[in-house]
DNA sequence: TTTGGCACTCTCAGCGGTAGAGTGCTAGCA
DNA sequence: TGCTAGCACTCTACCGCTGAGAGTGCCAAA
């Protein structure tokens, strides 16, 4: 299997040279601790992992690993716990990615093929799949392109004479907005009939296609008054879509994180909720993750945000830079099942990519 | 001020007759406990509330209230805590609703008038306003009508030949779906040109307006092959929109709930997350709350779901039954600042109603 | 009907003792 | 040189105990 590179997101770090025994001990400590959440001692290690040496030997190896900063000690006479650096080393050099079950992958693909629904349904499904498979909190953001262009406008007449503008962008984003009826009347110089609106919509569809927000704003000024008024609204909608904010975030599996002993105290949960409720943090992550494709692993203090110092993130982008990019991944305590989570995130991102491909037409250019 | 009725959602309960002193004591216990989260004793009560009687007198009143089921006792020598019934009595008969600050209401209205954006933005804003004002978790669901009708279809050509159907319903809901390009080609008997699609869209807009899902499905069969194929997709989209599921829920202020001592243990938080992440529970709530308008208060075990036995809900519907109804409210421990939360929920729901009104045209029918 | 007094109960924080797990170090062994 | 066994030491978690504090319930007196 080809070696996958998962480098530290924040700093590149030369892998320390370890002896074969040290590597075995580090691996055992990480894997045991991930399962048990209890600091692991030398005796338990030889017992559980059938290492053919005495505890004393393990202790000496552990002491070496601690000197290198790969393990720590909650207090003098407790077992060892991996440090962030220890997890990092493990992820880069020690971990054997657990293959996803063939059954699992088939099941997941099947679910996605069943749901031939809206893109939001896909994202919801992606989140719930990630959460269920990794037993951690999952986050999926919609794919957005940074410079959205106008694709299509429709002016809809609802019940009660309410008028709504629905704009579709070239990346497939749909933006809607209610129009102020009074302002419409003013712009039209009298109550706007359906014909007036149809004409305005046709005009805008002809004139604005492929334009960005500022272009649309400029072009709008030269149109008939009603169309010009609507063009203003359209330009605002484009600007907003451009605006950096990821607005909707699909999450699932928060309860899994709640179950983890490290978050039982309640207060440690705060940063997690912040991430999941407000999207600023993901906003910050997006360029980092998209700059280089593939799965990104961010462990504990490697995280730019100090509040997240006990949290690991495993994220991947999906979509294509030319069209639109989104972010998906999982989030949990640093004590996370990396060998399972990393391939899962990778797999779900490729599933979403395939879906996007299969819906972007039968001719590839 | 007119008496507002907030009856038990599950069972109507005749108000117990209490003496003036008992009422004063109950009110003081509730208000003190809401502030302090600590069981309140007789001595503390006379001290803090300047009642001109001795602790012993208060004790006797407390004992009466306990016999009536309005107060409880965590253990023999602890202070008193209101029971669910005690809160209920308080909410119905004792509470003085705290007027919202004039400054607050102006500020909130101002925020909403600033944001002349999409309906989702309104809901997001409503959630964050509720959360900030009540310091509890807020939930807002989009307004949906049970029997959505077709208002408008648009077939959009995205980059890469991806085709998307965007359907607007009479209640203003926008539903989108990617179309399977291969299936389109099959239905059109060859690659579908933009003209073909425009023609199909025009046909459907002419034929399907005002139809429900089954009607649209029937009518669709009689159309030209390409239009018929798209009509099938449209009917599915209508069915889904009808389908009971509230999909998106806007929440805010989860962190406030996290701060409450009753949820510090972590495990008690589970039901709250359930409510906020999956919408089944709100689904269940919707008919209950909309059947009779106004603010509904559901306290602790009054809740149909036993997992929520330590949670109070304060919800109101918004929108109009003829068009579309949504739900909004807050959620927190039973020990909640009802006098503040109830008027806040009422106010935000009227603000949303006003917004909807002001956008449904200048002629009312 | 209210009040003061008193005995009783229960929680909470602090304290010491103990068992258990784990470490670090050192001397001996292959 | 590397591994092992043994030993002293350290720290936590748990248990039971104690005293302080808060609060109740009840009773007799005002």
Subject >> Sole exception among (1) surrounded by fewer than 21 Cβ atoms within 10 Å (Cβ to Cβ); (2) at pLDDT 90 or above for residue B:204, by number >> reply: (1)
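Table: residues versus (1) crowded, with 18+ Cβ neighbours inside 10 Å; (2) more than 14 Å from every other protein chain (Cβ to nearest Cβ); (3) closer than 27 Å to residue A:260 by Cβ; (4) modelled with pLDDT of 90 or more.
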residue	(1), (2), (3), (4)
B:288	no, yes, no, no
B:316	yes, yes, no, yes
B:336	yes, yes, no, yes
B:339	yes, yes, no, yes
B:346	no, yes, no, yes
Subject >> Looking only at segment A:27-57, and only at residues there that are closer than 20 Å to residue A:95 by Cα and in contact with a helix residue (DSSP H, G or I) (Cβ under 6 Å, 6 or more places away or on another chain), the one that is farthest from DNA strand D (Cβ to nearest atom) >> reply: A:30
Original post:
When residue B:273 is evaluated against the numbered criteria (1) within 13 Å of chain A (Cβ to nearest Cβ); (2) touching a strand residue (DSSP E or B) at 6+ places or on another chain (Cβ under 8 Å), which criterion, by number, is the only one it fails?
Top reply: (2)
Original post:
For segment A:59-103, how many residues are closer than 30 Å to residue B:180 by Cβ and over 21 Å from the mean Cα position of the chain (by Cα)?
Top reply: 3
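Determine whether segment B:44-55 contains at least one residue that is within 10 Å of DNA strand C (Cβ to nearest atom), at pLDDT below 95 and in a helix (DSSP H, G or I). Break it down into steps so the answer makes sense when it comes.
The first filter runs over segment B:44-55 and keeps only residues within 10 Å of DNA strand C (Cβ to nearest atom), leaving B:46, B:51-55.
Within this subset, residues satisfying the condition of being at pLDDT below 95 are B:46, B:51-55.
Filter once more, keeping what is in a helix (DSSP H, G or I): B:46, B:55.
Yes, segment B:44-55 has at least one match.
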Original post:
Hey, residue B:172 hits all of (1) assigned to a strand (DSSP E or B); (2) buried (at least 23 other Cβ atoms within 10 Å of the Cβ); (3) at the interface with another protein chain (Cβ under 8 Å from one of its Cβ atoms) but one; which does it fall short on?
Top reply: (1)
Original post:
Restricting the search to segment A:175-191, which residues are facing chain B (nearest Cβ under 10 Å) and more than 19 Å from residue A:236 (Cα to Cα)?
Top reply: A:185, A:191
Subject >> Residue check for residue B:96: without any contact (Cβ under 8 Å) to a residue 12 or more places away in the chain, more than 10 Å from DNA strand D (Cβ to nearest atom) and under 20 Å from residue B:134 (Cα atoms) >> reply: no
Subject >> Qualifying positions in segment B:208-229 - surrounded by fewer than 17 Cβ atoms within 10 Å (Cβ to Cβ) and without any contact (Cβ under 8 Å) to a residue 40 or more places away in the chain >> reply: B:214, B:215, B:218, B:221, B:222, B:224, B:225
**OP:** Answer yes or no as to whether residue A:265 is at pLDDT 90 or above, in a loop (DSSP other than H, G, I, E, B) and surrounded by fewer than 20 Cβ atoms within 10 Å (Cβ to Cβ).
**Re:** no
**OP:** Tell me, yes or no, whether segment A:232-248 has at least one residue that is in contact with a helix residue (DSSP H, G or I) (Cβ under 7 Å, 6 or more places away or on another chain), assigned to a loop (DSSP other than H, G, I, E, B) and more than 13 Å from every other protein chain (Cβ to nearest Cβ).
**Re:** yes
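Looking at segment A:214-226, is at least one residue within 11 Å of chain B (Cβ to nearest Cβ) and within 28 Å of residue B:354 (Cβ to Cβ)? Spell out how you get there, then give the answer.
Initially, segment A:214-226 is screened for residues within 11 Å of chain B (Cβ to nearest Cβ), giving none.
Looking for residues that are within 11 Å of chain B (Cβ to nearest Cβ) and within 28 Å of residue B:354 (Cβ to Cβ), one finds none in segment A:214-226, hence no.
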**OP:** Kindly list, by first and then second residue, each pair from a residue in segment B:72-90 that is away from every other protein chain (no Cβ under 14 Å) and more than 23 Å from residue B:340 (Cβ to Cβ) to a residue that is away from DNA strand C (no atom under 16 Å from the Cβ) and in a loop (DSSP other than H, G, I, E, B), limited to pairs with Cβ atoms under 7 Å and residues at least 6 apart or on different chains.
**Re:** B:72/B:83
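Residue-wise test of (1) touching a strand residue (DSSP E or B) at 6+ places or on another chain (Cβ under 6 Å); (2) at pLDDT 85 or above.
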residue	(1), (2)
B:200	no, yes
B:211	yes, yes
B:218	no, yes
B:239	no, no
B:248	no, no
Subject >> Residues that are in contact with a strand residue (DSSP E or B) (Cβ under 7 Å, 6 or more places away or on another chain) and more than 16 Å from DNA strand D (Cβ to nearest atom), drawn from segment B:66-89 >> reply: B:84, B:87, B:88
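Residues are listed down the side, and each one gets a yes or a no for (1) more than 9 Å from chain A (Cβ to nearest Cβ); (2) closer than 16 Å to residue A:154 by Cβ:
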site	(1), (2)
B:156	no, yes
B:168	no, yes
B:193	yes, no
B:206	yes, yes
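Of all residues in segment A:67-95 being surrounded by fewer than 16 Cβ atoms within 10 Å (Cβ to Cβ) and over 14 Å from residue A:23 (Cβ atoms), which is farthest from DNA strand C (Cβ to nearest atom)?
Step one: filter segment A:67-95 for residues surrounded by fewer than 16 Cβ atoms within 10 Å (Cβ to Cβ), giving A:67, A:69, A:73-78, A:93.
Adding the requirement that they be over 14 Å from residue A:23 (Cβ atoms) leaves A:67, A:69, A:73-78.
On the way: A:67: 9, A:69: 14, A:73: 7, A:74: 10, A:75: 9, A:76: 6, A:77: 4, A:78: 6 Å.
Looking at residues that are surrounded by fewer than 16 Cβ atoms within 10 Å (Cβ to Cβ) and over 14 Å from residue A:23 (Cβ atoms), I get A:69.
Out of A:187, A:165, A:148, A:233, which single residue is in contact (Cβ under 8 Å) with a residue 12 or more places away in the chain and out of contact with any strand residue (DSSP E or B) (no Cβ under 8 Å at 6 or more places or on another chain)?
Values: A:165 fails: out of contact with any strand residue (DSSP E or B) (no Cβ under 8 Å at 6 or more places or on another chain); A:148 fails: out of contact with any strand residue (DSSP E or B) (no Cβ under 8 Å at 6 or more places or on another chain); A:233 fails: out of contact with any strand residue (DSSP E or B) (no Cβ under 8 Å at 6 or more places or on another chain).
From the options A:187, A:165, A:148, A:233, the qualifying one is A:187.
For segment A:115-125, check the following and say yes or no: at least one residue is more than 14 Å from every other protein chain (Cβ to nearest Cβ) and more than 16 Å from DNA strand D (Cβ to nearest atom). Full working, then the answer.
Kept after step one, since they are more than 14 Å from every other protein chain (Cβ to nearest Cβ), are these residues of segment A:115-125: none.
Within segment A:115-125 (the criterion being more than 14 Å from every other protein chain (Cβ to nearest Cβ) and more than 16 Å from DNA strand D (Cβ to nearest atom)), the answer is no, since none of the residues qualifies.
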**OP:** May I ask you to say which residue of B:63, B:103 is assigned to a helix (DSSP H, G or I), out of contact with any strand residue (DSSP E or B) (no Cβ under 7 Å at 6 or more places or on another chain) and either within 14 Å of chain A (Cβ to nearest Cβ) or within 12 Å of DNA strand C (Cβ to nearest atom) (or both)?
**Re:** B:63
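The values are calculated or read from the model by the stated rules, or taken from the named source; none is laboratory data. None of these values were measured; they are calculated from a predicted model. All Cβ positions, glycine included, derive from the backbone under ideal geometry; neighbour counts span all protein chains shown.
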